[in-house]
């Protein structure tokens, strides 16, 4: 596990990592302004950038990109409140989860789908249900268990939607990344 973090940290030395992360950051800022409302909850798509960063460059880069994205989103698009670091922390945890489960994995379509589903379930449970509900309870003054039922129903609906989107995007990114020969690891192939 230490090597996974070390290799991911070493990705920060590469110019292609910085360039691609700059693009992913810009994409994430645009995606944060877009959403789809389904009944009482809103679907946001900013998770795509964090998952792609974790997939291509690992947990360290995924964590940093998610954190910077959250901070810039709060500064550029404030939504009725002050910036709160705990939500940045939970976004960074999501980036780490994506990197841990997706980084440098040589797999075909079947294993990619399984890893994507596991990632989405872990992010939904750890980040969205536990951490974000806890932080929302702290800032709103409402009880944790008062907020939890609505969040559970939202996560049950969004896990399959986000998993399908994430799978399609990562499969396309994987194909393009290796066709353009952007990887330095020739032993990892689709």
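The values are calculated or read from the model by the stated rules, or taken from the named source; none is laboratory data. Note that the coordinates shown come from a computational prediction; the quantities given were computed from them, not determined experimentally. Cβ sites come from the backbone with ideal geometry, for glycine too, and all protein chains shown count toward neighbours.
Quick look at the values:
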{"read-out": "Hey, residue 74 surrounded by 15 or more Cβ atoms within 10 Å (Cβ to Cβ) and under 11 Å from the mean Cα position of the chain (by Cα) or not", "value": "no"}
{"read-out": "Number of the exception - residue 156 against (1) within 25 Å of residue 54 (Cα to Cα); (2) surrounded by 11 or more Cβ atoms within 10 Å (Cβ to Cβ); (3) modelled with pLDDT of 90 or more", "value": "(2)"}
{"read-out": "Residue check for residue 9: assigned to a helix (DSSP H, G or I) and more than 11 Å from the chain's Cα centre (by Cα)", "value": "yes"}
{"read-out": "Subset of segment 23-67 (residues that are assigned to a strand (DSSP E or B) and either modelled with pLDDT of 95 or more or out of contact with any strand residue (DSSP E or B) (no Cβ under 7 Å at 6 or more places or on another chain) (or both))", "value": "37, 38, 41"}
{"read-out": "Some residue of segment 174-187 being under 22 Å from residue 52 (Cα atoms), touching a helix residue (DSSP H, G or I) at 6+ places or on another chain (Cβ under 8 Å), surrounded by fewer than 16 Cβ atoms within 10 Å (Cβ to Cβ) and at pLDDT below 90", "value": "yes"}
{"read-out": "When residues of segment 21-53 are limited to those that are touching a helix residue (DSSP H, G or I) at 6+ places or on another chain (Cβ under 7 Å) and in contact (Cβ under 8 Å) with a residue 60 or more places away in the chain, the one farthest from residue 118 (Cα to Cα)", "value": "41"}
